[in-house]
Amino acid sequence: GPVGLLNVSFIEGVTLHTSAFPAKYDNPLSGVLQFKQKNGNPEKFQGNFRLSASEAALTAEGPLGKKNGKTTYIASVRRSYLQFLFQLIELPFLPDYWDYQYKVTHKLDKKNELNLIGLGAIDNFTFKRPKNPTLEQLAILEQIPLNTQRTNTAGITWRHTTPKGYWLLALSNSRLVNTADQYKDNEKPVEAEKILRYRSVEDETRFRYEWNHSVNGWQLSAGVVGLFAQYSNATFQRRPGYNANYETDINFLRYGAFFQA
């Protein structure tokens, strides 16, 4: 789409697998889109500022500490200003969006490298009544719930180079918190007049060990993967004559091994 969570300034290369997916990517459906992120500039500080029709973004990169190239970073933050544009054209709902992304690389020695990678987003939603609202604008104010989202992914990898390949150890966590509230009068919320209360959390922790080796023209790969997932949902909805309450939570462990030649 026109707006993506990933900052293009971070991307060094993209590989699309539409079939014969690499075995290390467990549970794919129709394809695998693999992004390779670049490292920060090891020599000097640099950055860029981008301004578009709906957002502004700042990206910075450079060395951390002494300029020996062992530790580098690249980071960005972006904010939409659609809420100001919506206000100018008198739309009653005002979306407010932030996202951020970072990568820190540290070379322990010639054979070992650590990477810390993260990205996330913050979505907020507010209402504002136009000066002379139409019936359609009033209907929007009454029917759309107040929605917020928080999403964050962070991971660390350790890559060790061997004479004919490398092994990689990766640990990551992804978390999405989604809420929605709707009142009889969204502009002046009163707890006793709440129509909808929705809370959901999705949390996944992933582990992967991957070994890669080249021998006589063959590329060999093997490893193990694991996933611990937790999901919860609590929903309250007021309906004519009765109130509906729903709560659920589930967690599970998935694990496996792979080999590819």
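Where a number appears in this text, it was derived from the coordinates with a stated rule and is not lab data. Please read these numbers as outputs of a predicted model, since none were measured by experiment. Virtual Cβ from ideal backbone geometry, glycine too; neighbours counted across all protein chains shown.
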Between rounded, prolate and oblate, where does region 185-261 land on the alpha carbon gyration tensor, with a ≥ b ≥ c its root eigenvalues, rounded for a/c under 1.5, else prolate if a/b exceeds b/c?
prolate
To the nearest 20 debye, what charge dipole does the chain have about its Cα centre, counting +1 at the Cβ of each Lys and Arg and -1 at the Cβ of each Asp and Glu?
960
When the chain is modelled as a GNM with alpha-carbon springs shorter than 10 Å, which of Asn212, Asn27, Asn173 fluctuates the most?
Asn27
The chain, Gaussian network, Cα under 10 Å: of Gly241, Gly62, Gly40, the residue fluctuating most is Gly241
Run lengths n ≥ 4 of DSSP H only: what is the helix-derived mean residue ellipticity at 222 nm for the chain, with -39500 (n - 2.57) per run over all residues, to the nearest 500?
-1500 deg cm²/dmol
Under the Kirkwood approximation applied to all pairs of distinct alpha-carbon atoms, what is the hydrodynamic radius of region 36-169 in Å?
18.0
Distribution output for the chain: share of Cα-Cα pairs per 10 Å bin in percent, first bin at 0, values 6, 20, 27, 23, 15, 7, 2, 0
Computed E for Thr18/Leu88 - FRET, C-beta separation, R0 41 angstrom, nearest 0.05
0.45
For region 98-112, take each phi angle, set θ = phi - 60°, evaluate the Karplus expression 6.51 cos²θ - 1.76 cosθ + 1.60, and give the result in whole Hz per residue in order, putting x for glycine and proline.
10, 8, 8, 7, 7, 8, 10, 10, 10, 9, 5, 7, 5, 10, 10
With a 10 Å cut-off between alpha carbons and a GNM built on the chain, which of Ser76, Ser214, Ser174 moves the most?
Ser214
May I ask which of Lys131/Lys184; Lys44/Lys110; Lys24/Lys44; Lys110/Lys164; Lys36/Lys66; Lys24/Lys70 have a Cα-Cα span longer than 24 Å here?
Lys24/Lys44; Lys36/Lys66; Lys24/Lys70
